[in-house]
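Read the figures in this text as sums done on the coordinates, not as results from a lab. Every value quoted in this text rests on a predicted model; they were computed, and no experiment measured them. In this analysis, Cβ positions are derived from the backbone assuming ideal geometry, glycine residues included, and neighbour counts consider all displayed protein chains.
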Amino acid sequence: MMDQLPQILEALIFISVEPLTPDKLAEVLPDAPPEEIAAALQALVAAYEDSDRAIRLVPTAGGYVFSTKPQFDPPVRRLLQIERRKKLSGQALETLSAVAYHQPVTQAEIASIRGVDSSYSLHTLLENKLIKIVGRKEAPGRPLLYKTTEKFLAHFGLNALEDLPSAEELKKLMQEENA
Amino acid sequence: MADEIDPDVPSAEAESAPPDAAAPESEAASTPHAVTENAPEAPAAFPQPADIGYQIKLGMFEGPLDLLLFLIKKKKIDIQDIPIAVITGEYLEYLNAKEKINLDREAEFLLMAALLIYIKSQILLPREQPVEPDIDPRKELVDRLQDYQQIKAVVGVLREREEEQAQIWRRAALTAPLPEQDLDLIEVSLFDLAESFFAMMKRKQGENLQIIQGKKLSMGDKMSEIVAVLKVRDHIDFLEYLGSHDSLEEALLAFFCLLELLKARVVVAIQEQLFHTIKVWLRKDAPPEKEQE
């Protein structure tokens, strides 16, 4: 059965709504060595990328998921009857960025970074499950600590937090902007 | 808002806190209590949208840091060497341009004004003895501005990525990418707790389950047993024999076996009178046992 490993993986990812993680695959396919699964996944990603299919296989939020290619956005939106996709507001994005780069972080810390109260944005982000509460800080008042979620990664097409630009890369970006 | 006087705020924040010192000469002077008025709101978990107003009221600025960065860029100022007097003047001009200050929405802008004036006073005022001469009173503000600048750069990156992702569809997206109404995450973490609790209970239940080993019964064995009994006892009382089994299943099996043996003409069953018990004999001319199995 393992000589069909690429096809098996394809089938499993196809029926998965959430990105299918290598851990989960290893659980489902205990007989397949993880290296073989990893290699087969890479080959699948490449095969879809090279094909002229409308679908691609994308490593997302630590797992693998099928998605449409960008040029098929208009017909898909017509099918789903979605005029425009909801986007995050400037404040929500600022708050989210502060959480992403300073996590785990408290509301007061975010407010200090942004210079404005961020409770409303935090609430919105929590509602949309882009951030989550991970506990309380051992500090006066034991304030709640926030972190970004897997959904945050998926929303921005990131595979891991490491995919976000590093401090140096950001510095370069800022210099370009100022120049 | 008013986080800078919130006792919960980490120490770095507390240093920039003395708006009171600067208040007498600042725009905030007319309403020095404004900041404290808002303080009780801050610790509340999720107060009403206090920061939503900025986008409408102060146009393009997300907050005082945003405005400051804008002024610094406009004046082509080196962020590491901000002429505080110039920038404070510019900043206050912006605030003065407003006819009325909405305290709910603009308290943070006032707080920043107070901080700027405080830093200015730190630089101007002669000191009796130089306290920590190495420390530039502007340093903390510069650090904050740079941190904020970084956040703004991240916002740019995220916005771009969001734009890209908006054209890509996954199957999950069919169930609304950013649902309007969703479960509160605070509750979800409670659900998580409940879920793991139930999972644990389930495991516990599994532990308490005891498997009762059923007797393994087969027709062949039973038939041989019946034949063996008949060989020893000459005949058996049908009802008595069935009653001697300790489970219904086994008794039923014995009954079927007797029927089978009758059919195979190994035994003979005779009821001497109506309503009398049925007696079972081994047939004298019975075929060898093996054949029925």
List every DSSP H helix in chain A whose Cα atoms extend 15 Å or more along the helix's own long axis and whose mean Kyte-Doolittle hydropathy is at least 1.0.
A:5-15
Of B:ALA254, B:MET219, B:GLN271, which is farthest along the charge dipole of region B:219-292 in the positive direction, counting Lys and Arg as +1 and Asp and Glu as -1 at C-beta?
B:GLN271
In debye, nearest 20, what is the charge dipole magnitude of region A:90-178 about its Cα centre with +1 on Lys and Arg Cβ and -1 on Asp and Glu Cβ, if you could check?
440
Once you list every other residue whose beta carbon is under 13 Å from the beta carbon of A:GLU18, what net charge do they have if Lys and Arg are +1 and Asp and Glu are -1?
+3
How do A:SER16, A:SER97, B:SER244 rank when sorted from fewest to most other Cβ atoms within 10 Å of their own Cβ?
B:SER244, A:SER16, A:SER97
Expressed as a whole percent, how much of the Cα-Cα distance distribution for region B:219-292 exceeds 14 Å?
58
Lys and Arg at +1, Asp and Glu at -1: neighbours of A:ASP163 with Cβ under 12 Å from its Cβ sum to -1
Quantify how strongly other chains surround peptide A:59-65 by giving the mean number of their Cβ atoms within 10 Å of each of its Cβ atoms.
1
Just want the answer: with Cβ charges of +1 for Lys and Arg and -1 for Asp and Glu, which residue in A:GLY157, A:ALA167, A:VAL134 is farthest toward the dipole's positive end in region A:90-178?
A:VAL134
How big is the Kirkwood radius of chain A, worked out from every pair of different alpha carbons and given in Å to one decimal?
19.1
Residue-normalised 222 nm signal for chain A, counting each DSSP H run of n ≥ 4 as -39,500 (n - 2.57), nearest 500 deg cm²/dmol, is -15000 deg cm²/dmol
